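Any read-out appearing in this document is the output of simple, stated calculations on the displayed coordinates, not a laboratory observation. The structure presented is a predicted model; accordingly, all values stated were derived computationally and were not measured. So basically every Cβ, Gly included, is an ideal-geometry build from the backbone, and we count neighbours across all protein chains shown.
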Amino acid sequence: MEMGSGAEGSVGCFRLSEALRALNALLLAAPRAHPASVWFKESRGRKLRNRDFVAPHEALQNLFPQGQVPENMINGMTHLQIAGVPPIRSCKQTEAGLVVQLERPAVFQQVLSHIPYYLKPSSASSGQNVILNCVPLHGCKSLESLRLSHLRAILVADHLAAVLRAKGVEVRLVPALHNEEIKYFLHQMKIDWPTLLVTSSVPDAILLLKQSLMDCIYAEKNEAEMGLQQKQETNAFCRVHFKEFMEKQQDLEGYDPNLDVFLVLEGNLRHLAELQEAVAQCLSAAESCRVIHVVSCEEEFQQQKVDLLWRIVDTGAHTASQKHLVCGPVKVLSSLSPVGAAHYFELRRSQMHKASFMKYGDLVQGNAWDDTINILTSAAIRFEMLATAHRSQITINMEDAAISTKGTKGGAFMMYNCARLATLFGSYHNAVHQGLYPAFPPTSELNFSSLQEEGEWLLLFNYIIPFSEVLSQSARIPMSAKGVRITANTEAICKFLVKLSMDFSSYYNRVHILGEPLPHLFSQMFARLQLMKAVQEVFHSALATLHIPPLKQI
């Protein structure tokens with residue numbers, strides 16, 4: 001029988017941000033209040049022993065005489081009842097400040113009885129349409145030309161698409177893949193990129209773009225005007241001058257001031273034609289769409305030219321609101337020549353196989369282990385590429401010592417902990433089959449007051465409850481921000497999984513979840529198994545945004 005997954009129907013979920021907002025609203029109603037947050041969520045195990053939220057003494061001194069909070073205000077917080085705010089057990093003033101502890105058994109009961117509701121983003125964005133244009137894929141004509149910086153941009157776009165879709169956004173990925181080697185490589189990486197053939201509308205769109213440029217006042221229209229250098233470019237169509245165009249625009253903040261002359265090639269027009277086709281598909285289902293160019297820092301200058309060219313030939317709202325999400329450089333230690341993405345993948349796979357063989361010996365053989373090694377390799381690469389903010393440089397160490405099944409910050413460690421949970425539930429079900437344990441009872445019959453171990457509340461309070469808000473933050477893109485560049489929290493899920501894995505591993509190593517098959521121990525065992533089910537579901541949901549399938553065993 002499956003672990004309890006929660007009751008069906010509508011339910012109000014606890015949101016830690018709602019709790020902080022409500023607590024702040026009460027304190028900031030004081031006469032001396034100023035519009036700033038004074039409450040903080042605790043996260044460390046030692047402090048969580050006695051409190052869940054704290055308003056530090058220093059902040060209280062700015063609000064009340066001698067920092068003393070009125071008794072009626074403290075009582076109001078104790079009896080706070082607002083949708084989304086967990087029930088409060090106590091609120092008292094201490095030397096540290098004003099501290100709040102939640103009614104933990106009630107919070108355990110509500111959350112672990114409705115697990116699916118904590119696996120969805122805390123806010124939906126239905127009706128929005130986004131085009132993610134992965135710029136490096138336009139220029140890569142073969143697998144050999146796919147560099148590490150290109151792979152980073154692809155992984156960022158792939159993950160961003162997943163978190164946006166989880167939030168209800170309609171996402172279209174551009175361009176479609178046509179090279180079979182690149183298709184197969186991305187398939188190995190568990191990247192499901194669109195591979196539709198070019199439709200008949202693309203060639204027609206290219207002809208229309210050429211006609212627009214022929215009529216454009218910023219373009220040089222004939223070979224004599226283009227000059228000898230342009231004649232030598234076999235795919236050159238015309239040359240466009242941006243200076244005058246940019247001077248007439250009022251909303252081009254952040255573009256490189258050195259943008260001037262752009263030699264338009266056939267490939268640039270195909271790039272725009274594919275974007276226009278994606279826009280047409282978006283606008284057939286919605287009133288508007290937004291375009292985000294995911295680009296490596298080495299290609300940012302060139303992509304700004306393509307952006308401006310599109311603005312010149314298409315004056316729609318989608319071109320006026322283009323944004324660029326720029327990925328920082330990828331440096332390789334002790335390498336004098338560029339490292340290709342395919343070589344990087346094969347090296348990491350070889351290293352992961354070697355590390356697995358050192359741990360498990362002759363068991364590492366056969367198709368099942370080949371699949372496991374490929375998944376571990378894909379996970380390791382994603383955590384190397386995505387655990388750092390996309391705009392920052394990352395440094396890759398290609399040595400054997402850089403990859404391991406033991407390191408607590410790598411993808412293999414996340415997969416190992418997923419496998420531990422799968423093994424735990426497999427052991428429980430086997431014991432049920434043997435008659436050692438009873439079948440899992442309905443969630444409504446579980447006694448969560450038995451969850452008294454420090455690590456149990458930490459897992460619920462730091463990971464299960466906040467996960468929906470982490471998903472929402474990962475999908476938050478400030479399209480209205482000034483300038484051409486935007487940032488996204490593409491590192492948030494990886495960082496979340498690293499911390500979750502470390503705290504789960506610490507708890508799992510310390511606590512025996514499947515105890516002796518004695519009736520008086522079953523109540524606590526079932527409560528702990530339900531907690532572990534929630535942790536497992538969070539793992540799986542987070543890994544799904546990275547397109548990493550969970551492993552049942554390692």
### Task
Please tell me which of these pairs span more than 23 angstrom C-alpha to C-alpha: 47/552; 190/305; 183/323; 243/323; 183/495?
47/552; 190/305; 183/323; 183/495
### Summary
Residue span residue 360 to residue 439: 0.36 nm per residue of separation minus Cα-Cα distance leaves a gain in nm of 25.2 nm
### Query
Which Cys residues of the chain have no other Cys beta carbon under 4.7 Å away?
13, 91, 134, 140, 216, 238, 297, 327, 418, 494
### Query
With +1 on each Lys and Arg Cβ and -1 on each Asp and Glu Cβ, how big is the dipole of the chain about its Cα centre, in debye rounded to the nearest 20?
1360
### Query
Which of the peptides 440-448, 286-294 is most tightly packed, and how do the rest follow, judged by the mean count of other Cβ atoms within 10 Å per residue?
286-294, 440-448
### Message
For residue 291, what residues show an amide H to amide H distance below 5 Å, using hydrogens built from the backbone and excluding near sequence neighbours?
### Response
131, 323
### Pairwise FRET efficiency - residue 350 versus residue 260, Cβ, R0 = 51 Å, nearest 0.05
0.65
### Translational diffusion of the chain, µm² s⁻¹ [Kirkwood Rh, Cα pairs; Stokes-Einstein; 37 °C; 0.692 mPa s]
123
### Task
Starting from the Cα of residue 511, step 7 Å toward the Cβ, then list every residue of the stretch 454-473 with an amide N under 12 Å from that point.
454-461
### Query
Around residue 92, which amide H atoms from residues at least 5 apart in sequence, or from another chain, sit under 5 Å from its own amide H, with H modelled in the peptide plane?
99
### Task
Measure nothing but the geometry: give the 0 to 90° angle between the long axis through the Cα atoms of 266-283 and the longest principal axis through the Cα atoms of the chain, rounded to 10°.
50
### Query
What ranking, highest mean first, results for peptides 140-146, 52-58, 251-257 when packing means the other Cβ atoms within 10 Å averaged over each residue?
52-58, 140-146, 251-257
### Task
Taking the dipole about the Cα centre of the chain, with the C-beta of Lys and Arg at +1 and of Asp and Glu at -1, give me whichever of 289, 45, 249 is farthest to the positive side.
45
### Message
Can you give the FRET efficiency to the nearest 0.05 for residue 395 and residue 367, using r as the Cβ-Cβ distance and R₀ = 30 Å?
### Response
0.30
### Task
Quantify how much of the Cα-Cα distance distribution of the stretch 467-554 extends past 19 Å, in percent.
55
### Query
What is the Cα centroid distance between the stretch 158-177 and the stretch 234-263, reported in whole angstrom?
29
### Query
Is the shape of the stretch 369-507 rounded, prolate or oblate, going by the alpha carbon gyration tensor and its root eigenvalues a ≥ b ≥ c, with a/c under 1.5 for rounded and a/b larger than b/c for prolate?
oblate
### Query
Listed highest first by mean packing, meaning other Cβ atoms within 10 Å per residue, what order do 497-506, 481-490 come in?
497-506, 481-490
